[in-house]
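Peer 1: My questions will all concern the structure given below.
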Amino acid sequence: MTIHARYQTISEIKSTNPIQFEPNADAIEVVDELLKAHKPGAPVVDHRGACVGFINETILLDAILNGKNLNGLTARDVMDRPHTITENATIEAAIRLMDEWHLQQLPVVRNGELVTTIARHDLLRAVLDLGLGVEQ
């Protein structure tokens, strides 16, 4: 697959998910923030700005199904290891990575630090050269 679009790299597109959590964030508060923002997940970032995990609705629901009570748990307790991509990676590489790992969102890093998080709809909008108003 070769994408012929105006945007070629991750750094050229606009993300629609500014949410991130600290590892010690309360799991119930994480759920609350995700629901309020209508976002399926977000990266977990340490004090240096490094993406150390990812937490999403699927992970949270799996924890509940496995008998975990989210009260008293932190993001660190339920997060998954993050799949990340660098900001100079191609949009095609991001699409392939998201497809391979069945990801809805992908943290974008620069020198090991989180820059943003892109979602599948961000990539689709970039490939089709659609503006941010499309999803409203």
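The values are calculated or read from the model by the stated rules, or taken from the named source; none is laboratory data. Since this is a predicted model, take the numbers as computed values, not measurements. Cβ atoms come from the backbone with ideal geometry, glycine included; neighbour counts cover every protein chain shown.
Peer 1: Inspect the range 110-124 for any residue being more than 18 Å from Ile13 (Cβ to Cβ), charged (D, E, K, R) and surrounded by fewer than 19 Cβ atoms within 10 Å (Cβ to Cβ) and give the result as yes or no.
Peer 2: Checked the range 110-124: at least one residue is more than 18 Å from Ile13 (Cβ to Cβ), charged (D, E, K, R) and surrounded by fewer than 19 Cβ atoms within 10 Å (Cβ to Cβ).
Peer 1: Within the range 22-61, how many residues turn out to be in a helix (DSSP H, G or I) and either farther than 20 Å from Gln104 by Cα or not hydroxyl-bearing (Ser, Thr, Tyr) (or both)? Steps first, answer last, please.
Peer 2: Of the range 22-61, the ones in a helix (DSSP H, G or I) are 27-37, 57-61.
From what's left, either farther than 20 Å from Gln104 by Cα or not hydroxyl-bearing (Ser, Thr, Tyr) (or both): 27-37, 57, 59-61.
Looking only at that region, the number is 15.
Peer 1: Moving to a separate point now. Would you pick out the residues in the range 91-112 that are in contact (Cβ under 8 Å) with a residue 60 or more places away in the chain, in contact with a strand residue (DSSP E or B) (Cβ under 6 Å, 6 or more places away or on another chain) and not in a loop (DSSP other than H, G, I, E, B)?
Peer 2: If the condition is that a residue be in contact (Cβ under 8 Å) with a residue 60 or more places away in the chain, in contact with a strand residue (DSSP E or B) (Cβ under 6 Å, 6 or more places away or on another chain) and not in a loop (DSSP other than H, G, I, E, B), then Ala94, Gln105, Pro107, Val108 are the ones that fit.
Peer 1: Is it the case that Leu61 is more than 30 Å from Leu130 (Cβ to Cβ), without any contact (Cβ under 8 Å) to a residue 40 or more places away in the chain and either among the aliphatic types (A, V, I, L, M) or in contact with a helix residue (DSSP H, G or I) (Cβ under 6 Å, 6 or more places away or on another chain) (or both)? Break it down into steps so the answer makes sense when it comes.
Peer 2: Numbers: more than 30 Å from Leu130 (Cβ to Cβ): yes; without any contact (Cβ under 8 Å) to a residue 40 or more places away in the chain: yes; either among the aliphatic types (A, V, I, L, M) or in contact with a helix residue (DSSP H, G or I) (Cβ under 6 Å, 6 or more places away or on another chain) (or both): yes.
Answer is yes for this residue.
Peer 1: List every residue pair whose Cβ atoms sit under 9 Å apart, with the two residues 6 or more apart in sequence or on different chains, where the first one lies in the range 24-43 and is closer than 20 Å to Val115 by Cα and the second, anywhere, is exposed (fewer than 12 other Cβ atoms within 10 Å of the Cβ).
Peer 2: As it stands, the answer is Ala37/Pro18; Ala42/Pro18, since those pairs meet every condition given.
Peer 1: Shifting gears a bit: Tell me the residue from Asp32, Asp26 that is modelled with pLDDT of 95 or more, more than 18 Å from Ala126 (Cβ to Cβ) and loosely packed, with under 15 Cβ neighbours inside 10 Å, please.
Peer 2: On the way: Asp26 fails: loosely packed, with under 15 Cβ neighbours inside 10 Å.
Unique residue meeting the criteria: Asp32.
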